[in-house]
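Here the structure is laid out as structure tokens; the discussion comes afterwards.
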Amino acid sequence: MRVLLVEDNARLRALTQRQLQDAGFAVDAVGELAEADAATRTETYDAIVLDLGLPDGDGGTLLRTLRGRGAATPVLVLTARDALDDRVAHLDAGADDYLVKPFAAAELLARLRALLRRPGQALPGRLALGDLGLEMAARAADIGGRPLALSRRELALLELFLRRPGRVVTKAEIERAIYAFDDEVTGNTIEVLIHRLRRRLADGGSRVALETLRGIGYVMRDTAA
Ligand code: CA
């Protein structure tokens, strides 16, 4: 799941980005309205976390632009404590939820997950294929109930495949789901990541296989099915 974080306070931006990444999201983080606008024109996001007070304008402008373009991307607005009227106005303008600063990371994550669970968005509590499972809130993978230790990127990769069991996932889709702007994706980064995940599944005794379709992409299958 890819999230755009728009927040001009550098410290809060870095902290929030890290918290979202730890929760398994690929995060593009920007500090200005113009950058946010450009990002939404070139990338597709599963959700946007939007601060309203930005140095080059009001975050609400982006919200109206997005809805004007017909984008249904869930938007969670970050707002100051004293701006109740603004909140109502922004919900009217197409925000899906708001959070008052300062907020706890746990609350931001809970709200985001709730937005991603709404009709049309699919974020179930648990994804599974064969003996392999992933608890979404805890970001914990298991093979037949036995914990499977995975890195943050391996978990994001597993999530992508578990969302599309038996279907082809292309390299471009993996890049999009896992890497944010400032990550360096070299030629074989994805192959290395796939190789590691495949080995962890095999070491854990899973009957789920991650197959390579040369020149096309990858597919995850339950070999016992
Ligand atoms: Ca601000």
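The values are calculated or read from the model by the stated rules, or taken from the named source; none is laboratory data. Everything numeric in this text was worked out from a predicted model, so none of it was measured. Don't worry about glycine lacking a Cβ; one is built from the backbone with ideal geometry, like all the others, and counts go over all protein chains shown.
Scanning the stretch 157-181 for residues that are in contact (Cβ under 8 Å) with a residue 60 or more places away in the chain and of a type outside the set (Phe, Trp, Tyr) returns GLU159, ARG176, ALA177, ILE178, ALA180. Kindly establish whether LEU76 is in contact with an Asp or Glu (Cβ under 6 Å, 6 or more places away or on another chain), at pLDDT 85 or above and not hydroxyl-bearing (Ser, Thr, Tyr). For LEU76, the condition - in contact with an Asp or Glu (Cβ under 6 Å, 6 or more places away or on another chain), at pLDDT 85 or above and not hydroxyl-bearing (Ser, Thr, Tyr) - is met. Restricting attention to the stretch 80-99, does a residue exist that is closer than 30 Å to GLU184 by Cα, of a type in the set (A, V, I, L, M) and surrounded by 13 or more Cβ atoms within 10 Å (Cβ to Cβ)? There is no residue in the stretch 80-99 that is closer than 30 Å to GLU184 by Cα, of a type in the set (A, V, I, L, M) and surrounded by 13 or more Cβ atoms within 10 Å (Cβ to Cβ). Residues considered: LEU201, LEU160, LEU197. Of these, the only one that is at pLDDT 85 or above, over 22 Å from the mean Cα position of the chain (by Cα) and either assigned by TED's automatic domain parsing to the domain that holds TYR45 or part of a helix (DSSP H, G or I) (or both) is LEU201.
Scan the stretch 177-192 and give yes if some residue there is closer than 20 Å to SER151 by Cβ and part of a strand (DSSP E or B), otherwise no. No, every residue in the stretch 177-192 fails to be closer than 20 Å to SER151 by Cβ and part of a strand (DSSP E or B). Scoring VAL192 on the criteria (1) buried (at least 18 other Cβ atoms within 10 Å of the Cβ); (2) among the aliphatic types (A, V, I, L, M); (3) at pLDDT 85 or above leaves a single failure, condition (1). Quick one: what pairs do we get from the stretch 9-25, first residue more than 19 Å from THR79 (Cβ to Cβ), second away from the ligand (no atom under 12 Å from the Cβ) and part of a loop (DSSP other than H, G, I, E, B), C-beta under 7 Å, 6+ apart or different chains? Close Cβ pairs (under 7 Å, with a partner that is away from the ligand (no atom under 12 Å from the Cβ) and part of a loop (DSSP other than H, G, I, E, B)) amount to ALA23/ARG139; GLY24/ARG139; PHE25/MET1. Looking at the structure I just gave you, is ASP8 among the acidic types (Asp, Glu) and either within 16 Å of the ligand (Cβ to nearest atom) or assigned by TED's automatic domain parsing to the domain that holds LEU155 (or both)? Yes; evaluated as a whole, the condition is true for this residue.
Among the residues of the stretch 1-16, which ones are part of a strand (DSSP E or B) and under 24 Å from PHE161 (Cα atoms)? Correct list: ARG2, VAL3, LEU4.
What about ASP222, is it in contact with a Leu (Cβ under 9 Å, 6 or more places away or on another chain) and acidic (Asp, Glu)? The answer is yes for ASP222.
Here ALA38 fulfils each of the conditions (1) hydrophobic (A, V, I, L, M, F, W, C); (2) surrounded by fewer than 15 Cβ atoms within 10 Å (Cβ to Cβ); (3) touching a residue at least 12 places away in the same chain (Cβ under 8 Å) apart from (3).
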